[in-house]
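For reference, the structure discussed in these notes is given below.
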Amino acid sequence: MGNIVSIHSFRGGTGKSNVVANLAANLALQGFRVGIVDTDIQSPGIHVLFGLDVKQVTYTLNDYLLGRCAVEDAAFDVSQSLAQGGEKMADAGGVIYLIPASMKVNEITKVLSEGYDVGRLTQGYEQLGDRLRLDYLLIDTHPGINEETLLSMGISNTLVVILRPDYQDYQGTALTVKVAKELDIPNIMLVVNKVLPDFDVADIRQQMQTTYDVPVAAVLPLYDEMMRLGSRSIFSLQYPQHPLTHALIALATQLKP
Amino acid sequence: MADSRPDPSISKPASSDVTGMSFADILLLPDVERQVVNWMLRQPAACSLAAIARQLNQPEDQVQEMVRSLIQRGFMREVSDRGETCYQLCITSMRSRRLAPRVSQLLSDD
């Protein structure tokens, strides 16, 4: 099994799924085999960035957790259909498999109300890594501290905590980092996202590193282009020469073991 | 005026049908136990007493006490791996949150 990376934020709206999708794209463009698991069962969304209509797919993570299929049955190669970058990924030997969560209300409530075998989820991560020969497994988590996010953190080699320059995020991140350290996660890093252009990036980096005593892997400015894109597609593929894309590529580099 | 009576559509959460420890339990463990559990979580297979002792840099008899305590609390179990006694974590296997039938029905009408 390759590198298991959990991407987490204490609060919603930090840009987590966008960061996950962009990380996956940049890693795949470098020739890596990447899996993404959308464990945000209550509010799935990353499939939108890849243009995957989950109402049309046969199996989702929900089906796997409910014992209806093997985990690889719920894995979709979303890189081959990407309008920009798909061919480049394939030429480099890279691929992105997405294991989406269901967008059907009854499927969501079934998993939430019946629960699932935690061991099955962790076993699924391992099987994905082995059966799909993954270099990276990125886990897109639900915001906040809950059993699922603790589980993802507990088995991850790397935890990326995303926050905005916002006092609610600051407090929540302190709690998340504390929990992460107690779970002995080998690599913990922060990404400060949606930073206004007139903020001093170096100053933010320094402050965050001092406050949380973990490295800041990236400070990502807020750009109009990202807001206008509105998760319709993956920013790095749409704007390959953009400063934000360069920052995301640099972030991806820091995930290498 | 707002009705202050309890909403019958919201039932009290049912007690979970759990065995073993949850990840929340891990955070409540004493430091040394938590260290062992965190390490064992990332091991591909069951762990021998010797391996656990090496990880903690402690004598095996001390570690045996701790392992026994974790087993007694249902957090760990003894398994046999090719004739050798090893230990595996017991992570909570099933967790359920019951919704009131009416709410479940409303949400399930898709």
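The values are calculated or read from the model by the stated rules, or taken from the named source; none is laboratory data. Computed from a predicted model, the values in this text were never measured in an experiment. Cβ sites come from the backbone with ideal geometry, for glycine too, and all protein chains shown count toward neighbours. Ligands, DNA and RNA are excluded from the accessible area calculation, which covers all protein heavy atoms including side chains. Shrake-Rupley method; radii C 1.70, N 1.55, O 1.52, S 1.80 Å.
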| said: Please compute the per residue accessible area over segment A:158-257 with all protein chains in place, 1.4 Å probe, rounded to a whole number of Å². | reply: 50 Å²
| task | Show the residues, 5+ positions off or on another chain, whose built amide H is closer than 5 Å to the amide H of residue B:91. | result | B:21
| query | Using the Karplus equation 6.51 cos²θ - 1.76 cosθ + 1.60 (θ = phi - 60°), what ³J(HN,Hα) coupling, rounded to whole Hz, does each residue of segment A:148-163 give in order, writing x for Gly and Pro? | reply | 5, 6, 4, 4, 4, 4, x, 9, 8, 7, 9, 10, 9, 9, 9, 9
| request: Give me a single rounded figure for B:21-31: the average over its residues of other chain Cβ atoms within 10 Å of their Cβ. | output: 4
| task | Straight distance only, please: which lysines reach the Cα of residue A:256 with their own Cα at less than 22 Å, same-chain residues fewer than 8 apart left out? | result | A:16, A:88, A:181
| remark: Quick tally, 1.4 Å probe accessible area for A:33, A:228, B:82, A:131, sorted with the most first, runs B:82, A:228, A:131, A:33
| Per-residue accessible area for residue B:68 at 1.4 Å probe radius, Å² rounded to 10? | 120 Å²
| remark: Between residue A:242 and residue B:78, Cβ-based FRET efficiency (R0 51 Å, step 0.05) works out to 0.35
| note | Using alpha carbon centers only, segment A:173-234 is separated from segment A:7-71 by a whole-angstrom value of 20 Å
| request: Using a cut-off of 12 Å between beta-carbons, work out the net charge of the residues near residue A:32 (Lys and Arg +1, Asp and Glu -1, residue A:32 not included). | output: +2
| task | Give me the percent of DSSP beta bridges within the protein assembly as shown that run antiparallel, rounded to the nearest 5. | result | 25 percent
| What is the spin-label model distance, in nm, from residue B:39 to residue B:68 if the labels are put 7 Å beyond Cα along the C-beta direction? | 2.0 nm
| task | Express the Stokes-Einstein translational diffusion coefficient of the protein assembly as shown in µm² s⁻¹, to the nearest whole number, given a Kirkwood radius over alpha-carbon pairs, 20 °C and a viscosity of 1.002 mPa s. | result | 98 µm²/s
| request: Considering Cα pairs under 8 angstrom that are at least six residues apart, work out the relative contact order of chain A and quote it in whole percent. | output: 28 percent
| remark: Spelling it out for residue A:4: with amide H atoms placed in the peptide plane at 1.01 Å from N, the residues 5 or more places away or on another chain with amide H under 5 Å from its amide H are A:137, A:157, A:158
| task | Please identify, among A:47, A:242, A:142, the residue showing maximal mean-square fluctuation in a Gaussian network model of chain A using a 10 angstrom Cα cutoff. | result | A:242
| field | Cβ neighbours within 10 Å from other chains - mean over A:108-117 | value | 5
| said: Show me, for segment A:30-38, the HN-Hα J-couplings you get by feeding each phi into the Karplus relation (A = 6.51, B = -1.76, C = 1.60, θ = phi - 60°), rounded to Hz, glycine and proline as x. | reply: 8, x, 8, 8, 10, x, 10, 10, 8
| request: With label points built 7 Å along Cα→Cβ from the Cα atoms of residue A:196 and residue A:68, find their separation and express it in nm. | output: 4.7 nm
| query | Based on DSSP H runs of at least 4 residues, each adding -39500 (n - 2.57), what is the mean residue ellipticity at 222 nm of chain A after dividing by all its residues, to the nearest 500 deg cm²/dmol? | reply | -12500 deg cm²/dmol
| remark: Karplus ³J(HN,Hα) for segment B:43-59 (6.51 cos²θ - 1.76 cosθ + 1.60, θ = phi - 60°; Hz, whole; x = Gly/Pro) runs 8, x, 9, 4, 10, 7, 4, 4, 5, 5, 4, 5, 4, 8, 6, 10, x
| request: Name the residues whose placed amide hydrogens come within less than 5 Å of the amide hydrogen of residue A:220, ignoring near sequence neighbours (fewer than 5 apart) on the same chain. | output: A:192, A:193, A:194, A:195
